[in-house]
Amino acid sequence: MQTFTQRLANPTRFMELSARLLPWMAFLACVLIAVGLVMAFTAPLDYQQGHAAKIMYVHVPAAWLSMLAYAMVAASSFGLLVFRHPLADVSAKSAALIGVVFTFVCLVTGSLWGKPMWGAFWSWDPRLTAELVLFFLYLGLIALRSSVEDEALAANLTAVLGIVGIVILPVIHYSVYWNSIHQPPSLSFGWPKIHPSLLWPLVTMTAGMQALFVALYLKAMRNEILRRRVKALRLTEVQVAAGLAEPAE
Amino acid sequence: MKAFWHLVGRDLLLAWREGGAIGVALGFYLVVVTMLPLGLGPDLNLLSRIAPGLLWVALLLATLLSLGRLFEMDFEDGSLEVLATGPLPLEAVAVAKSLAHWLTTGIPLTVMAPVLGLLLNLPLEAYGVLVGTMLAGTPAVSFIGAIGGALTLRARRGGVLIALLMLPLFVPTLQFGIEAVSAALTGSGGFMPAFLILVAISLASVVLAPLAAAVALRFQLQ
């Protein structure tokens, strides 16, 4: 009996499955984000923050996704180093590229909100610092991959860095958290501290951004698999032309 | 164990005979700390307030210079492959090389720090604390840095890359190192917690970082 991830290990099967899943995910993302945005703009205004509070509906999901994407990177790195899963590196690479974008979105929306609320685009608040460090970690992953020529070696080294990152992230988080001026979490388990009229748009937006993440992630993985196939084909062509290999039928 | 100490001794001897690397790190440390007051203005009150932070950050930058060379020379002349096939596991090799790096870079920079503190008008009572926290914190820098050295062995632009990879990983060390010195200066009683966490980070990285460095080295040697 194969597990789900083992069955996905076959790139061809993954391509079939993702081709069927991708349009649905993209559609779901469009609908949920559209509905979420309408809900967000019809929701009552925050009595202190006014329209600026609407940034939350993009900022909070982006912040979650930035962390979720890193968790995906770490899980994929683990899958590559321990199980040698053939798609793990494709997944790690795609998740890192999407994660860095969501981290950037989170930082930008946060600083746009910070200017009217705190009077400054940036403050060295622990949460901001932790998010910025996460951004640097993503940049490090991407830079390391792009600066090693041998792709298999680059994959392995990036995976090592990904796991080192997930081990040290909690320490970084803890180290910058001495005292915070940031908003307490908008959603937490148990009773939400946020009024239902503001909560539902946030939940919808989060679900929409989540679907968007999955859609982008699948698309990125498909692109990467195709890129590798093209590269392999070209290599065979060159070898055939040089008389080093038999032509494939 | 004998092979381990032999390797440490060899690296120390190499660093001693070559001499250049330590001098460059110390010179860089001196130059950075001298440049900062020139940029910030000669306000002694300001300088003494931010001196612990400046000294720590400049120390990290000076250490970064030599991290790229940690495994590079052994990789280039093939002795790393000899070490990999020898009796010592690569984890122990990573420990030995990180230890030698700490002895030849971390300790000289720590000894230099109080002298530079004079330039920054660091209060006299802070010198002991500063040296203590740096002694406790620099092992983490050398051992975590070994991961970066191992990862960037065959990378293009390895020297710049290592700064990008390592600086985020140094955040906890930096944070608690500065926190400990500042707490001791203000007498807020926060010194002991920060110092103990700093020691914990160092001890944890001495144990864990060589594992990651050894995994990276194995891939590099394939």
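Residues are listed down the side, and each one gets a yes or a no for (1) more than 12 Å from every other protein chain (Cβ to nearest Cβ); (2) touching a residue at least 60 places away in the same chain (Cβ under 8 Å); (3) touching a His at 6+ places or on another chain (Cβ under 8 Å):
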site: B:G187; (1), (2), (3): yes, no, no
site: B:G190; (1), (2), (3): no, no, no
site: B:P193; (1), (2), (3): no, no, no
site: B:L198; (1), (2), (3): no, yes, no
site: B:I201; (1), (2), (3): no, yes, no
site: B:S205; (1), (2), (3): no, yes, no
site: B:A213; (1), (2), (3): no, yes, no
site: B:A216; (1), (2), (3): no, yes, no
site: B:F219; (1), (2), (3): no, no, no
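Can you tell me which residue in the stretch B:153-175 is nearest to A:V167 (Cα to Cα), limited to those that are within 8 Å of another protein chain (Cβ to nearest Cβ) and in contact (Cβ under 8 Å) with a residue 40 or more places away in the chain?
B:L167
Please state which of the following conditions B:L83 fails to meet, knowing it meets all the rest: (1) under 14 Å from the mean Cα position of the chain (by Cα); (2) buried (at least 18 other Cβ atoms within 10 Å of the Cβ); (3) assigned to a helix (DSSP H, G or I).
Answer for B:L83: the failing condition is (1).
Hey, can you tell me all the residues within the stretch B:83-117 that are more than 25 Å from B:G20 (Cα to Cα) and free of Cβ contacts under 8 Å to residues at least 60 places away in the same chain?
Once the filter is applied, which keeps residues that are more than 25 Å from B:G20 (Cα to Cα) and free of Cβ contacts under 8 Å to residues at least 60 places away in the same chain, the stretch B:83-117 yields only B:T85.
Among (1) away from chain B (no Cβ under 14 Å); (2) in a helix (DSSP H, G or I); (3) touching a helix residue (DSSP H, G or I) at 6+ places or on another chain (Cβ under 6 Å), where does A:A71 come up short?
(3)
Got at least one residue in the stretch A:201-222 being under 22 Å from A:V105 (Cα atoms), assigned to a helix (DSSP H, G or I), modelled with pLDDT under 75 and out of contact with any strand residue (DSSP E or B) (no Cβ under 6 Å at 6 or more places or on another chain)?
There is no residue in the stretch A:201-222 that is under 22 Å from A:V105 (Cα atoms), assigned to a helix (DSSP H, G or I), modelled with pLDDT under 75 and out of contact with any strand residue (DSSP E or B) (no Cβ under 6 Å at 6 or more places or on another chain).
Please tell me if B:L116 is within 14 Å of chain A (Cβ to nearest Cβ) and either crowded, with 24+ Cβ neighbours inside 10 Å or not small (G, A, S) (or both).
Taking the combined requirement at face value, the residue does not satisfy it.
Determine whether the stretch A:80-103 contains at least one residue that is modelled with pLDDT under 95, of a type in the set (F, W, Y), under 12 Å from the mean Cα position of the chain (by Cα) and surrounded by fewer than 20 Cβ atoms within 10 Å (Cβ to Cβ).
No, because not a single residue in the stretch A:80-103 is modelled with pLDDT under 95, of a type in the set (F, W, Y), under 12 Å from the mean Cα position of the chain (by Cα) and surrounded by fewer than 20 Cβ atoms within 10 Å (Cβ to Cβ).
Can you say whether B:P42 is assigned to a helix (DSSP H, G or I) and modelled with pLDDT under 90, as far as the supplied structure shows?
No, not satisfied.
I'm trying to understand the selection: among the residues of the stretch A:1-45, which are among the small types (G, A, S), over 23 Å from A:E224 (Cα atoms) and surrounded by fewer than 17 Cβ atoms within 10 Å (Cβ to Cβ)?
Residue satisfying the conditions is A:A34 alone.
Look through the stretch A:116-161, keep the residues that are at the interface with another protein chain (Cβ under 8 Å from one of its Cβ atoms) and not in a helix (DSSP H, G or I), and return whichever of them is surrounded by the fewest Cβ atoms within 10 Å (Cβ to Cβ).
A:E149
Can you tell me which of B:A180, B:A136, B:A140, B:A146 is crowded, with 21+ Cβ neighbours inside 10 Å, out of contact with any Leu (no Cβ under 7 Å at 6 or more places or on another chain), more than 10 Å from chain A (Cβ to nearest Cβ) and among the small types (G, A, S)?
Within the list B:A180, B:A136, B:A140, B:A146, the selection yields B:A140.
Of all residues in the stretch A:23-65, count the ones that are of a type in the set (G, A, S) and more than 21 Å from the chain's Cα centre (by Cα).
Selection size over the stretch A:23-65: 5.
The values are calculated or read from the model by the stated rules, or taken from the named source; none is laboratory data. Since we're looking at a predicted model, the values are computed, not measured. Glycine gets a Cβ as well: all are built from the backbone with ideal geometry, and neighbour counts include every protein chain shown.
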